[in-house]
Amino acid sequence: MKKLLYARQSLYKKDSLSIEGQIEKCIALCAYNGWDYEVFKDSGYSGKDLKRPGFTALLHEVRTGNTDMIICYRLDRISRSMADFSNLIVELERYNVKFASATENFDTSTPLGRAMVNIIMTFAQLERDTTIERVTDNYYVRTKLGHWGGGPAPYGYKLCKVIGDDGKRYTILKPNESEASVVQNMYKWYLEDLSVSAIINKLNELTIPSRGGSTGSPVWTSRVVSDILWRPLYAPNDIKIYNYFKKLNANFVNDISEFDGTKAVNLFGKINKNSSKHKRCRGVDNQYFIVSPHRPLVDSNTYIKVQYRKAEIRNHPARLGTGTNSPFTGLMKCGICGYSVSSSGDNRGYKNYICSTKKNRGKNMCSLPSISHRIANAIIFSDMQEHYSSPNVLEKLTNAKTDPKVSAGYLQKKNDLEMKILKIDNEIDNLVNSLASGNTITNKYINEKIESLDGNKKVVRAEISQLELEEYKNSSFIDNIDDMMMLIKDMSLIIESGDFQTLKILCHTLIKSITFYEEHKLEIEYYV
């Protein structure tokens with residue numbers, strides 16, 4: 001019966017035996033004993049688990065009964081996990097398959113042999129765990145110093161070797177000019193109201209490849225584009241970025257004095273080492289925030305505006321403005337139950353607006369009657385024309401354009417909320433100081449009070465973020481005044497044309513919300 005030879009090498013190292021060298025040792029053992037053999041190998045796979053194509057194929061041969069022995073150069077080539085190896089031994093015993101090592105003398109059919117295997121695997125796992133800890137520690141040290149921690153460069157950058165102050169070679173990020181311009185365009189397009197999907201379409205139309213594609217065959221996904229629009233490493237280390245991430249409870253490695261706008265920033269690692277979340281799902285408050293020596297690709301205003309727009313989109317239904325049945329999709333809500341109003345049609349071609357509660361949960365769940373598109377659209381378009389032809393409204397638009405300023409009450413509200421946080425921080429500091437003189441019982445209640453205050457602080461921070469989001473929307477409104485006035489001027493022509501896309505742009509630019517009530521009563525809120 002043939003023997004199965006297995007070799008594995010996670011990566012090339014000068015002091016490690018190559019896959020070819022491992023196979024050669026195993027073949028020598030087979031030749032000495034006169035055994036037939038078949039070779040299985042995995043290149044570039046670690047021993048952390050058994051999920052490897054070569055080893056999976058080997059196990060298939062074991063389960064079909066085509067072998068009675070697996071031979072490897074060393075046991076840690078099979079696995080460095082005690083749990084995986086123990087389970088594997090149990091399975092192999094069911095098929096009467098033994099292990100043989102070209103360099104380690106043991107027999108898994110005897111109790112002493114199995115004990116020897118366990119001892120060997122214990123040290124193999126210890127070596128793996130120690131290596132992981134050493135590599136992780138080096139990663140944190142390098143990255144906290146501003147060097148690139150490891151892995152491929154993010155899109156828009158390339159890796160560059162430099163000599164540090166200690167004379168050692170380190171890796172930093174350097175802009176890849178062709179990709180950098182693509183990143184800058186993504187931020188620009190997103191602020192021009194293109195969705196992530198629209199950006200992907202635009203990149204594909206321009207045959208701009210992602211890292212995974214090639215020219216003429218681009219490969220972009222929403223996850224890749226969303227990551228690029230979020231990653232702080234594209235932003236500069238100025239005070240605006242510092243304040244933005246301070247509100248998100250970032251863990252700053254550098255002092256505030258280092259946020260002088262001459263470099264960039266980055267998020268890395270995790271504060272809670274027990275957290276199993278992938279870095280993409282990890283909160284800002286569970287990562288380290290550092291100043292990095294690479295060059296930023298976007299300015300802080302652009303970066304922050306993109307984050308506010310992303311937050312605004314997350315706070316609305318995903319279908320906002322994407323419907324093709326009505327130019328008002330995403331703007332409509334029910335005045336009876338508060339849920340959204342959607343467009344619905346029947347097989348005769350009639351289209352109506354109907355409350356989502358009534359549509360999805362049953363007709364008796366809301367008393368709002370449906371209203372036909374023909375009637376509702378006529379009411380809305382007529383009201384729009386009347387509202388935006390008002391001299392008072394046109395005067396407001398003109399004044400807003402010539403006198404852009406922070407909205408009334410914004411600074412006062414923000415100051416009040418920041419004072420609340422200051423008072424909470426002072427109260428927490430006093431409680432922390434009292435812990436030293438307290439006993440076990442009192443300290444328990446003090447800690448509970450601190451946790452409660454910290455929860456209150458998070459609520460206030462959320463209120464500040466929402467306030468800033470509203471202020472950003474107001475400033476965006478001022479930026480769009482020229483477009484609004486142009487649409488108002490051509491409103492009658494746009495409505496008469498029936499061009500759906502242009503109608504949708506018109507409605508979503510001029511209307512904040514449309515609330516439906518009984519007896520065909522509509523309440524329309526405009527941006528001005």
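The values are calculated or read from the model by the stated rules, or taken from the named source; none is laboratory data. Values in this document were obtained by computation on a predicted structure and should not be read as measured data. In this analysis, Cβ positions are derived from the backbone assuming ideal geometry, glycine residues included, and neighbour counts consider all displayed protein chains.
Structure values in brief
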read-out	value
Residue that is modelled with the lowest pLDDT, among those in the range 428-453 that are within 23 Å of ASN243 (Cβ to Cβ) and surrounded by 13 or more Cβ atoms within 10 Å (Cβ to Cβ)	ILE428
Any pair with Cβ under 9 angstrom, 6 or more apart, that starts in the range 386-402 at a residue that is assigned by TED's automatic domain parsing to the domain that holds ILE488 and small (Gly, Ala, Ser) and ends at one that is assigned to a helix (DSSP H, G or I) and at pLDDT below 75	ALA400/PHE477; ALA400/ILE478; ALA400/ILE481
When residues of the range 377-413 are limited to those that are assigned to a loop (DSSP other than H, G, I, E, B) and farther than 25 Å from MET332 by Cβ, the one modelled with the highest pLDDT	GLY409
Subset of the range 310-329 that is among the small types (Gly, Ala, Ser), modelled with pLDDT under 85 and part of a loop (DSSP other than H, G, I, E, B) - its residue that is surrounded by the fewest Cβ atoms within 10 Å (Cβ to Cβ)	ALA318
Answer residue from the range 209-237, given it is at pLDDT 90 or above and over 18 Å from the mean Cα position of the chain (by Cα) and is nearest to ASN251 (Cα to Cα) among those	ASN237
Test for ARG374: is it within 30 Å of GLU496 (Cα to Cα), modelled with pLDDT of 80 or more, among the basic types (Lys, Arg) and out of contact with any Asp or Glu (no Cβ under 6 Å at 6 or more places or on another chain)	yes
Residue count for the range 73-115, restricted to those that are of a type in the set (Phe, Trp, Tyr) and modelled with pLDDT under 65	1
